[in-house]
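Colleague: Mind having a look at this structure? Questions to follow.
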Amino acid sequence: MLVDSIKVNVNKKDAMKKIFTKTPLISKIIQFNNKAQDIHLEYIEFKVLTYQIISKKGSINFFRNNSKTFNITMIVNTYSGYSESVDDAPNTVKRYIPKSCIKKSKVDEYQIIEEVKNQIFKFLGKKYKSDLLENMNIQNIKLIEVKSIYKPYWVANYNGKNIFVDA
């Protein structure tokens, strides 16, 4: 499957060192230095959502409201549901990835879009209410673009638990 992917920067040997440092010391001693097994590369889907926000500054005269338009880019991990606002989307390269290496998402795309929209609305509403000098009202939040990118992770099995390391 041809997808946009973030470049792999960590090789397998370095990933094994990081995984070994992530395992607890007590576990290593009690379990006779068991090592992580089945180290392989998996890709997790991230959604890059770009929203256009239109807000108007309230004034005494109803017809002379100043409108302001700006964009917010959010990245959402479809496996864990974690979202974060970024200035620019990460650089990606086109790559063929087998479907077996792609981790299945736990969150539906429609839920992601609506939840992020609600988070932006709440955040900006709180921001403008706390700022007494500006009386801004959010008029519209519109989704401009949805893009899927895939981030690589080294995954290892350590006593039945998966350990993830950025690749």
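Colleague: Could you please tell me which pairs satisfy a Cβ distance under 7 Å, a separation of 6+ or placement on different chains, a first residue in region 109-121 that is free of Cβ contacts under 8 Å to residues at least 40 places away in the same chain, and a second residue that is part of a helix (DSSP H, G or I) and crowded, with 17+ Cβ neighbours inside 10 Å?
Modeller: As it stands, the answer is none, since no pair meets every condition given.
Colleague: Can you tell me which residue is farthest from Phe46 (Cα to Cα) among those in region 77-99 that are more than 19 Å from the chain's Cα centre (by Cα) and in a loop (DSSP other than H, G, I, E, B)?
Modeller: Among them, the one singled out is Pro98.
Colleague: On to the next question. Kindly provide the set of residues from region 24-75 that are more than 21 Å from Ser5 (Cβ to Cβ), open to solvent by less than 90 Å² (accessible area, probe 1.4 Å) and modelled with pLDDT of 65 or more, ordered by number.
Modeller: Ala36, Tyr51, Gln52, Ile53, Ile54, Ser55, Lys56, Lys57, Ser67, Thr69, Phe70, Ile72
Colleague: Another question, if that's okay. Look through region 113-162, keep the residues that are of a type in the set (A, V, I, L, M, F, W, C) and within 29 Å of Lys18 (Cβ to Cβ), and return whichever of them is modelled with the lowest pLDDT.
Modeller: My answer is Ala156.
The values are calculated or read from the model by the stated rules, or taken from the named source; none is laboratory data. Bear in mind the structure is a predicted one, so any value in this text is a computation, not a measurement. No Cβ is skipped: glycine too gets one built from the backbone with ideal geometry, and neighbour counts run over all protein chains shown. All accessible areas refer to the heavy atoms of the entire protein, side chains included, with ligands and DNA or RNA removed. Shrake-Rupley method; radii C 1.70, N 1.55, O 1.52, S 1.80 Å.
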